[in-house]
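Note sheet for the following structure.
Read-outs: derived from the displayed coordinates by stated rules, not from any lab. If you're wondering where the values come from, they're calculated on a predicted model, not measured in any experiment. Because the Cβ atoms are built from the backbone with ideal geometry, glycine has one as well, and the counts that use them run over all protein chains shown.
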Amino acid sequence: MSSPRKNETILWNALFEASWDGMVVLRRDGRLYRANRRYAEMLGYTREELEALHVWDLDTRFSRPEIESMLHSVDGDGVHFETQQRRKDGSLIEVELSNNGATYQGDKLIFCIVRDITARKATEERLRQSEALLKGIASQVPGVLYQYRMAPDGSRSFPYFSEGLVTLGGLSLGTMAGPEVVPLMSRILPEDADLVEAQTQHSAATMENVHVEFRFRHGDGSIRWIECRSTPQQEADGGILWTGILLDITQRKLAEERVQAMAITDGLTGITNRQELGRLAPGEDARSLAQRVDEALYRSKALGRNRVESWVAAERG
């Protein structure tokens, strides 16, 4: 009948060899005491070859003195870090190490779990390059590139804003960080907020693009006109992600108002164009028209006065 200690040894050996991660036991002097099959495969050595090496023969990121210091400082609490190791064929792999110190038959040994993270690191680098490319493109695009998400439970968030938000909205990107949309949405004027929400709900129901114009209170307190265009995409969890652009169209809106003002007033004298009175929409009373004309006159007053003064000066000359 096998003793409990013998059974424990058998179990330990089985687990050591069956692990999908590399496992290696180091002596305090840095020499490899034992390595499992997976670690040998990871580096392209036989286990016999590995056990003739020291850990600094494999590591390329830390010097021998640094490694010796680390070996002496490892204890039962363990240490976790990333490094780079050289395979037998000279190629390099990125590894993640979890180390714990223990004493066995009077000797201090260090038990290491070694995970190959080369593929993960390559993916992270590609992601970093993609983010840098997106940031570069976004910095050259007028307005703000953004993503707006509606989760399956109805909660909203902005996963992404380009740095154009600082100019367009007068808001820092830090202000917009977090899961809530309140800092931005609360700046849409109440008169336009319902229209924006209706467009969003319609897009969510039909997966049609959003195109809406609204007024927005800038960080400096002024009112700006914003044009929003975005395209929805259904996500795997049932949420919806809109990717779009915000443009400041304030100057265009002011130009449209000036054109409208000139259409209902004489551009030279500022007197109401009587032909426009005849185009009064059915049901629109004279008082409402007069109010509209007054607003137009106020906006175009300076332009009209300058033209009149120029005309008078020319006549006198």
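Can you compute the FRET efficiency between residue 163 and residue 260 using 1/(1 + (r/R0)^6), with r the Cβ-Cβ distance and R0 = 30 Å? Round to the nearest 0.05. The computed FRET efficiency comes out at 0.30. If you take the Cα centroid of region 85-101 and the Cα centroid of region 150-174, the two points sit 41 Å apart. In a fully extended conformation the segment linking residue 121 and residue 62 would gain 19.4 nm over its present Cα-Cα distance, using 0.36 nm per residue.
Residue-wise HN-Hα couplings along region 60-66, as the Karplus relation 6.51 cos²θ - 1.76 cosθ + 1.60 with θ = phi - 60° gives them from phi, are 10, 9, 10, 6, 4, x, 5 Hz; Gly and Pro carry x.
Using the Karplus relation 6.51 cos²θ - 1.76 cosθ + 1.60 with θ = phi - 60°, the per-residue 3J(HN,Hα) values for region 41-58 come to 5, 4, 9, x, 9, 7, 5, 5, 5, 4, 6, 9, 9, 9, 5, 6, 6, 9 Hz, with x marking Gly and Pro. A Förster radius of 25 Å combined with the Cβ-Cβ distance from residue 201 to residue 249 puts the calculated FRET efficiency at roughly 0.60. The HN-Hα couplings worked out from phi for region 105-121 by the Karplus form 6.51 cos²θ - 1.76 cosθ + 1.60 (θ = phi - 60°) are 6, x, 9, 7, 10, 10, 9, 10, 9, 10, 10, 6, 10, 4, 5, 5, 5 Hz, whole numbers, x standing for Gly and Pro.
Compared with the alpha-carbon gap, the fully stretched path from residue 102 to residue 231 is longer by 40.6 nm at 0.36 nm per residue. In region 62-124, one over the average inverse separation of all distinct C-alpha pairs is 13.1 Å, which is the Kirkwood hydrodynamic radius.
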